[in-house]
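Quick note: the coordinates plus some simple rules give every number you see, no bench work behind them. Source: prediction; values computed, not measured. Heads up, the Cβs are rebuilt from the backbone with ideal geometry, glycines too, and the neighbour counts pull from every protein chain shown.
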Amino acid sequence: MIDGRDVFTGAMLVIDKHGEDAGSVAAQRAEQMLEAGDLDGTMVWRQIVTAIEELQRGRRDGEGLN
């Protein structure tokens, strides 16, 4: 498996290449991995989808800046 840093790096690369469509692109890739029977690849791409969602979401009410 890959660590969290690598997941977020992958997410950033997908965002840089696909912009607002990054989440859909990553979800499609996860589906392709599943159809191919690559469960490890499916898991990684699903983690990337989650990271993309986190990176693209707006700040929540009351949430401080890091």
Item checked: Residue check for Asp61: of a type in the set (Asp, Glu) and not in a helix (DSSP H, G or I) -> yes
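Those residues that are out of contact with any Phe, Trp or Tyr (no Cβ under 8 Å at 6 or more places or on another chain) and either within 13 Å of Val7 (Cβ to Cβ) or surrounded by 13 or more Cβ atoms within 10 Å (Cβ to Cβ) (or both), I need them from the stretch 46-66; list them, please.
Arg46, Gln47, Ile48, Val49, Thr50, Ile52, Glu53, Glu54, Gln56
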Check: If you go through the stretch 16-45, how many residues are part of a helix (DSSP H, G or I), surrounded by 14 or more Cβ atoms within 10 Å (Cβ to Cβ) and not aliphatic (A, V, I, L, M)?
Finding: 6
